[in-house]
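S.K.: This is the structure I have questions about; it appears just below.
Quick note: the coordinates plus some simple rules give every number you see, no bench work behind them. Since this is a predicted model, take the numbers as computed values, not measurements. Neighbour counts are summed over all protein chains in view; Cβ atoms, including those assigned to glycine, are modelled from backbone coordinates with ideal geometry.
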Amino acid sequence: MLNKQMIVQTLLKERSFTPMVVKAKAFAPSNIALCKYWGKRDETLNLPITGSLSISLGNLGATTTVVPINEASDCIIFNGKVMDKSMPFVQKISNFLDLFRMDQNQNMHYQVETSLNIPMGAGVASSACGFAALVSALDSLYDWQLKPFELSILARLGSGSAARSFWHGFVEWECGIALDGMDSYAKPFPHDWKALRLGLLLIDSNEKSISSRVAMQRTLATSPFFDAWPKTQHEDMILLKKSIEDKDFITFAQTAETNALTLHALMMSARPQIVYSKPETLNMMDKIWQARREGLNVFFTQDAGPNLKLLFLEEDIDAVSRIFPLLKVIAPFNLLDQEC
Ligand code: PMV
């Protein structure tokens, strides 16, 4: 059976492990899926059953600095604080770094310093941008000059959605069919939408009750409706791409919302059930639907957590912010003018 180490060895074959700089730094944007990735065809390599499509959050994401250190273990610093080695989060990063400890690099350890400029606990995939920034920083440290699709494959080994965190704007991750996953990587879906706005609606910042890895496994293994998911995904993907090309906001946002609701319905049908929504999540959905009935074009998407991400257009910022005063508004295509 193929394992992660083999994939890394294949991609880095003949690449040098001599650091070319003392310290390497990289940024990767966070991304939110509009057509979700849920269910793996290969658990080890994080290979998805379906394709997915995301929007990156512009300048919001992870900045990671990597420094080789002469120590017996890695040192992980997160938002300025040294993290305890026993934390699962630290172990996850160290296990990922193990993949790069081969041949003459076997005893190499790193100080990895990551800063997130995303509001903490907002349910915005921090592991996606974290792994993407780490892979980019390693690429710079060793001057591997990997191609974007190779970086995407490496980051996928850390977290599936990280495969989509190497670009701004819309990004498509194709599921691929190869057993080694060499055809399962993301690439830009090159369409701008300057007027598009995303709003982060924080409902609960507590750690999620069940990891997306476990939840995906359980949904796939036990939901009686899972067989319908790939077909829905395929249809939503076509609708989403066409609506982006046509700048047809209603179809675009309605498809993203339905895709998220279908995903959560699927999770709820798992045994035992997986319910990420809190009562407040449903209250907020109700507010959104009420606003729509009153003529405001505001929609939402939801990931593996209780928080919502709102979708609307620039012209409706004021109206949406009046209903949701604490909303953090993001302009994904206005990279220099991030705050609205
Ligand atoms: O990459 P993971 O294992 O954190 O899973 C991401 C799952 C969703 O955020 C719910 C969907 C997606 O496509 O990002």
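S.K.: Projecting each Cα onto the charge dipole of segment 153-204 (Lys/Arg +1, Asp/Glu -1 at the beta carbon, about the Cα centre), which of CYS175, PRO190, LEU202 comes out farthest on the positive side?
M.R.: Result: LEU202, furthest along the dipole toward the positive end.
S.K.: Report the calculated FRET efficiency for ILE250 and GLU280 (r = Cβ-Cβ distance, R0 = 25 Å), to the nearest 0.05. Write down the numbers at each step before the final one.
M.R.: On the way: r = 26 Å, r/R0 = 1.05.
Rounded to the nearest 0.05, the efficiency is 0.45.
S.K.: Report the Cα centroid-to-centroid distance between segment 4-18 and segment 88-164 in angstrom, as an integer.
M.R.: When both Cα centres are located, 15 Å separates them.
S.K.: Calculate log10 I(q)/I(0) of the chain for q = 0.09, 0.11, 0.12 Å⁻¹, where I(q) comes from the Debye formula with a single equal point scatterer on each Cα and nothing for solvent.
M.R.: Relative scattering, expressed as log10 I(q)/I(0), comes to -0.47, -0.71, -0.84.
S.K.: Using 0.36 nm times the number of residues separating GLU207 and LYS242, minus their current alpha carbon distance, what extension gain do you get?
M.R.: Values: separation 35, 0.36 × 35 = 12.60 nm, distance 3.56 nm.
Stretched fully, the GLU207-LYS242 segment lengthens by 9.0 nm.
S.K.: Roughly what angle does helix 229-246 make with the longest principal axis of the chain, taking Cα atoms, 0 to 90 degrees, to the nearest 10?
M.R.: Long axis of 229-246 versus the principal axis of the chain: about 80 degrees.
S.K.: For segment 13-91, how many pairs of lysine residues have a Cα-Cα distance under 27 Å, where the two are 8 or more positions apart or belong to different chains? If you can, show how the numbers build up before the last one.
M.R.: On the way: LYS13/LYS23; LYS13/LYS25; LYS13/LYS40; LYS23/LYS81; LYS23/LYS85; LYS25/LYS81; LYS25/LYS85.
For segment 13-91, the number of qualifying lysine pairs is 7.
S.K.: Then there's this: Counting Lys and Arg as +1 and Asp and Glu as -1, each charge on the Cβ, what is the dipole of segment 280-327 about the Cα centre in debye, to the nearest 20?
M.R.: Details: 5 positive and 8 negative charges, 29 e Å.
So the dipole magnitude of segment 280-327 works out to roughly 140 debye.
S.K.: Which three semi-axes in whole Å describe the equivalent ellipsoid of segment 272-321, each the square root of 5 times a Cα gyration tensor eigenvalue, listed largest first?
M.R.: On the way: eigenvalues 110, 26, 12 Å².
With the √(5λ) rule applied to segment 272-321, the semi-axes are 23, 11, 8 Å.
S.K.: Name the residue, out of ILE93, ILE210, ILE288, whose mean-square fluctuation peaks in a Gaussian network model built on the chain with Cα pairs under 10 Å.
M.R.: ILE210
S.K.: Find how much the distance from THR18 to ASN70 grows on full extension, using 0.36 nm per residue of separation minus their present alpha carbon separation; answer in nm with one decimal. List each step's numbers first, then the result.
M.R.: On the way: separation 52, 0.36 × 52 = 18.72 nm, distance 1.40 nm.
Contour length minus Cα-Cα distance gives 17.3 nm.
S.K.: Give me the angle, in degrees from 0 to 90, between the Cα long axis of helix 249-268 and the longest principal axis of the Cα atoms of the chain, rounded to the nearest 10.
M.R.: 70
S.K.: In 10 Å bins starting at zero, report the fraction of Cα pairs in segment 200-340 per bin as a rounded %.
M.R.: Final binned percentages: 11, 36, 36, 16, 1.
S.K.: In addition: Mean separation of Cα pairs under 8 Å and 6+ residues apart, divided by the residue count of the chain: what relative contact order is that in percent? Before the final figure, lay out the partial values.
M.R.: On the way: 680 pairs, mean separation 71.2, N = 340.
Relative contact order for the chain comes out at 21 percent.
S.K.: Calculate how steeply helix 212-222 sits against the longest principal axis of the alpha-carbon atoms of the chain, using the helix alpha-carbon long axis, and give the answer as 0 to 90 degrees to the nearest 10.
M.R.: 70
S.K.: Could you work out [θ]222 nm for the chain from helices alone, using -39500 (n - 2.57) per DSSP H run of at least four and dividing by all its residues? Round to the nearest 500 deg cm²/dmol. Present the calculation step by step, with values, prior to reporting the outcome.
M.R.: Details: 9 runs with 117 residues, N = 340.
Result for the chain, helices only: -11000 deg cm²/dmol.
S.K.: Taking amide hydrogens as modeled 1.01 Å from N in the peptide plane, which residues meet the under 5 Å criterion relative to ASP204, leaving out close sequence neighbours?
M.R.: ASN307
S.K.: For a paramagnetic label modelled at 7 Å from the Cα of GLU43 toward its Cβ, which residues of segment 215-235 fall within the zone defined by backbone nitrogen distances under 11 Å?
M.R.: 217-218, 221
S.K.: Work out the FRET efficiency for MET268 and HIS191 from their Cβ-Cβ distance, taking R0 = 22 Å, and round it to the nearest 0.05. Write down the numbers at each step before the final one.
M.R.: Values: r = 33 Å, r/R0 = 1.50.
Computed FRET efficiency for MET268 and HIS191: 0.10.
S.K.: Express in whole angstrom the spacing between the alpha-carbon centres of segment 62-77 and segment 189-211.
M.R.: One Cα centre to the other: 29 Å.
S.K.: Using r as the Cβ-Cβ distance of GLN9 and ILE317, and R0 as 56 Å, what FRET efficiency do you calculate, to the nearest 0.05?
M.R.: Working: r = 49 Å, r/R0 = 0.87.
Efficiency, rounded to the nearest 0.05: 0.70.
S.K.: For the chain, with only Lys/Arg (+1) and Asp/Glu (-1) charged at the beta-carbon, what is the dipole magnitude about the Cα centre, in debye rounded to 20? All intermediate terms of the calculation are to be shown ahead of the outcome.
M.R.: Working: 33 positive and 36 negative charges, 102 e Å.
Charge dipole of the chain: 500 debye, to the nearest 20.
S.K.: Could you derive backbone 3J(HN,Hα) for segment 65-73 from the dihedral phi with the Karplus parameters 6.51, -1.76 and 1.60 (θ = phi - 60°), listing whole Hz in sequence and x where the residue is Gly or Pro?
M.R.: 10, 10, 10, x, 10, 8, 10, 7, 8
S.K.: Go through THR10, PRO48, VAL22 and say which Cα lies farthest out towards the positive end of the charge dipole of segment 1-62; charges sit on Cβ, +1 for Lys and Arg, -1 for Asp and Glu.
M.R.: VAL22
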